[in-house]
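Below is one structure; the comments refer to it alone.
Throughout, read-outs are computed from the coordinates displayed, never taken from laboratory work. These numbers were taken from a predicted model, which means no experiment stands behind them. Ideal geometry is used to build each Cβ from the backbone, glycine not excepted, and the neighbour counts take in all protein chains shown.
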Amino acid sequence: MGQPADGWLERDGIGLHFLEWIPESVTAAPPMLLLHGLSSNAHYWDRLAAHLGDRRLVALDQRGHGLTGRLPHVPPAPAGFAMDELIADAVFVTEQLDIGQPVVAGHS
């Protein structure tokens, strides 16, 4: 699989950055939503993506990481970084990108 495409969605004034790898051919493998851990970003998944070329992959830069939530659109602290907001971001990205019911992978 080649390089990922950069994408942006906006939720409640916060620009959510994501990377998306799209397979070259149609596959039955379910798409994956990839969530990085603390002090990381969506590019954490680059090496994994090289081995999963048969499925659509979406890796989200979570709030305060990578390109998401940079000035001047920083979420309010601490409420803007609460687990409920992170979950809502993941659901929002899944719905907006029409991913359906992805396999969710994360690390921390």
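So L86 passes all but one of these: (1) under 15 Å from the mean Cα position of the chain (by Cα); (2) of a type outside the set (S, T, N, Q); (3) surrounded by fewer than 19 Cβ atoms within 10 Å (Cβ to Cβ); (4) under 20 Å from Q3 (Cα atoms). Which condition number does it fail?
In the conditions (1) under 15 Å from the mean Cα position of the chain (by Cα); (2) of a type outside the set (S, T, N, Q); (3) surrounded by fewer than 19 Cβ atoms within 10 Å (Cβ to Cβ); (4) under 20 Å from Q3 (Cα atoms), L86 misses (4) alone.
Can you list residue pairs whose Cβ atoms sit under 7 Å apart, with the first residue in the stretch 50-69 being on the phi > 0 side of the Ramachandran plot and the second being in a loop (DSSP other than H, G, I, E, B) and of a type outside the set (V, I, T)? Count only pairs 6 or more apart in sequence or on different chains.
G66/N41; G69/R63; G69/P75
Identify all residues within the stretch 1-41 that are hydroxyl-bearing (S, T, Y) and more than 18 Å from R56 (Cα to Cα); write none if there are none. Spell out the reasoning first.
The initial filter retains those residues of the stretch 1-41 that are hydroxyl-bearing (S, T, Y), namely 25, 27, 39-40.
Residues satisfying the conditions are S39, S40.
Say we look at the stretch 41-81 and pick out the residues that are part of a loop (DSSP other than H, G, I, E, B) and among the charged types (D, E, K, R); which of these is nearest to H17 (Cα to Cα)? Break it down stepwise before answering.
First, pick out the residues of the stretch 41-81 that are part of a loop (DSSP other than H, G, I, E, B): 41, 50-56, 61-78.
Adding the requirement that they be among the charged types (D, E, K, R) leaves 54-56, 61, 63, 70.
On the way: D54: 23, R55: 20, R56: 17, D61: 6, R63: 9, R70: 10 Å.
Looking at the filtered set, the residue picked out is D61.
Each row is one residue, and each column tells you yes or no for (1) of a type in the set (F, W, Y); (2) over 13 Å from the mean Cα position of the chain (by Cα); (3) farther than 15 Å from S108 by Cα.
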site	(1), (2), (3)
L38	no, yes, no
L57	no, no, yes
L67	no, no, yes
V74	no, yes, yes
G80	no, yes, yes
V91	no, no, yes
E95	no, no, yes
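Looking only at residues that are in contact with a strand residue (DSSP E or B) (Cβ under 6 Å, 6 or more places away or on another chain) and part of a strand (DSSP E or B) in the stretch 1-16, which one is nearest to G66 (Cα to Cα)?
Our first condition is that a residue be in contact with a strand residue (DSSP E or B) (Cβ under 6 Å, 6 or more places away or on another chain); within the stretch 1-16, this holds for 1, 4-5, 7-9, 15-16.
So of that shortlist, the ones also part of a strand (DSSP E or B) come out as 5, 7-9, 15-16.
Numbers: A5: 15, G7: 13, W8: 12, L9: 14, G15: 11, L16: 10 Å.
By that ranking, first place goes to L16.
Under 6 Å between Cβ atoms, which residue pairs at least 6 apart in sequence (or on different chains) link something in the stretch 21-36 that is closer than 30 Å to M83 by Cβ with a partner that is among the aromatic types (F, W, Y)?
Filtered contacts from the stretch 21-36: L34/W45; H36/Y44.
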